[in-house]
1. For the stretch 25-56, which residues satisfy the criterion of being over 15 Å from the mean Cα position of the chain (by Cα) and touching a residue at least 24 places away in the same chain (Cβ under 8 Å)?
């Protein structure tokens, strides 16, 4: 991996969904923002992971996979005239 690949993992046995926003090694601080959601906060306060406990209460996990990804270019890239 190149250090910025996002991963999504769902454990059906524990009903836990974990979204890792990159694959770099980080020291992190866990910040519970609700009863069922914990953020992993890395260097400079960047969110590096999201843990959702009792995930099936919050989203339809059956429709979660496969994950479709779409990248929208930055605005300045989108309006740059062709060379």
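1. Once the filter is applied, which keeps residues that are over 15 Å from the mean Cα position of the chain (by Cα) and touching a residue at least 24 places away in the same chain (Cβ under 8 Å), the stretch 25-56 yields 54, 56.
Every residue, every condition in (1) surrounded by fewer than 13 Cβ atoms within 10 Å (Cβ to Cβ); (2) modelled with pLDDT of 95 or more; (3) in a strand (DSSP E or B); (4) out of contact with any helix residue (DSSP H, G or I) (no Cβ under 7 Å at 6 or more places or on another chain), yes or no:
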{"site": "4", "(1), (2), (3), (4)": "yes, no, no, yes"}
{"site": "14", "(1), (2), (3), (4)": "yes, yes, no, yes"}
{"site": "27", "(1), (2), (3), (4)": "yes, no, no, yes"}
{"site": "31", "(1), (2), (3), (4)": "yes, yes, yes, yes"}
{"site": "39", "(1), (2), (3), (4)": "no, yes, yes, yes"}
{"site": "68", "(1), (2), (3), (4)": "yes, no, no, yes"}
{"site": "77", "(1), (2), (3), (4)": "yes, no, no, yes"}
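The values are calculated or read from the model by the stated rules, or taken from the named source; none is laboratory data. Computed from a predicted model, the values in this text were never measured in an experiment. Note that we place each Cβ from the backbone using ideal geometry, even for glycine, and neighbour counts take in every protein chain shown.
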